[in-house]
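Note sheet for the following structure.
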Amino acid sequence: MKKGFTLLELIVVIIIIGVLATLGFTQYTRVVEKGRTAEAKTILGQLRTAEVAYYQENGSYTTIANLPVEAPTACTTTHYFSYSCAAATGTCTATRCTAGGKTPQSTLAYIIALDITGNWGGTPGYY
């Protein structure tokens, strides 16, 4: 009697490995992208602190140009996100770069926002 696997058994195993690899890769890319949001959360926290200080001194919020935080307002090769702050509310947002930012670029331009009270918002699943 010969020992070994039939062609059907080998094909089933290859299909199962392929499905598991696809699921693993999808989860891996999501975890890596979540890691990149750490940049946005750090800078948004600094912007929020600067907005609070600006409000205490001037009685109003301001745009990112008047804050002492280095945060690019357009996509640059040094950051994964571009940043902005609304002078009316003090809410600052980070938008994921899909072109012109630090590589690799995202295929989805999602947003992470931090308001003046410390509440996170933006595109669900990314903040």
Subject >> Unmet criterion (only one of (1) assigned to a helix (DSSP H, G or I); (2) without any contact (Cβ under 8 Å) to a residue 24 or more places away in the chain) for Lys2 >> reply: (1)
Original post:
What number goes with the only condition from (1) outside any helix (DSSP H, G or I); (2) surrounded by 14 or more Cβ atoms within 10 Å (Cβ to Cβ) that Gly45 does not pass?
Top reply: (1)
**OP:** Tell me the strands (runs of 3 or more DSSP E) entirely within region 50-127 that contain at least 2 residues that are aliphatic (A, V, I, L, M), under 23 Å from Lys34 (Cβ atoms) and touching a strand residue (DSSP E or B) at 6+ places or on another chain (Cβ under 8 Å).
**Re:** 111-114
**OP:** Would you point out the residue of region 9-47, among those that are closer than 30 Å to Thr76 by Cα and charged (D, E, K, R), that is modelled with the highest pLDDT?
**Re:** Lys41
Original post:
Is there a residue in region 86-95 that is at pLDDT 95 or above, out of contact with any Asp or Glu (no Cβ under 7 Å at 6 or more places or on another chain) and closer than 20 Å to Val31 by Cβ?
Top reply: yes
Original post:
From Ala109, Ala50, Ala74, Ala65, which residue is out of contact with any Leu (no Cβ under 9 Å at 6 or more places or on another chain), in contact (Cβ under 8 Å) with a residue 12 or more places away in the chain and more than 18 Å from Gly125 (Cα to Cα)?
Top reply: Ala74
Original post:
Looking at (1) in contact (Cβ under 8 Å) with a residue 24 or more places away in the chain; (2) more than 16 Å from Ala113 (Cα to Cα), which is the only condition Gln56 fails?
Top reply: (1)
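The values are calculated or read from the model by the stated rules, or taken from the named source; none is laboratory data. These numbers come from a predicted model, not from an experiment. Please note: Cβ atoms are built from the backbone with ideal geometry, for glycine as well, and neighbour counts cover all protein chains shown.
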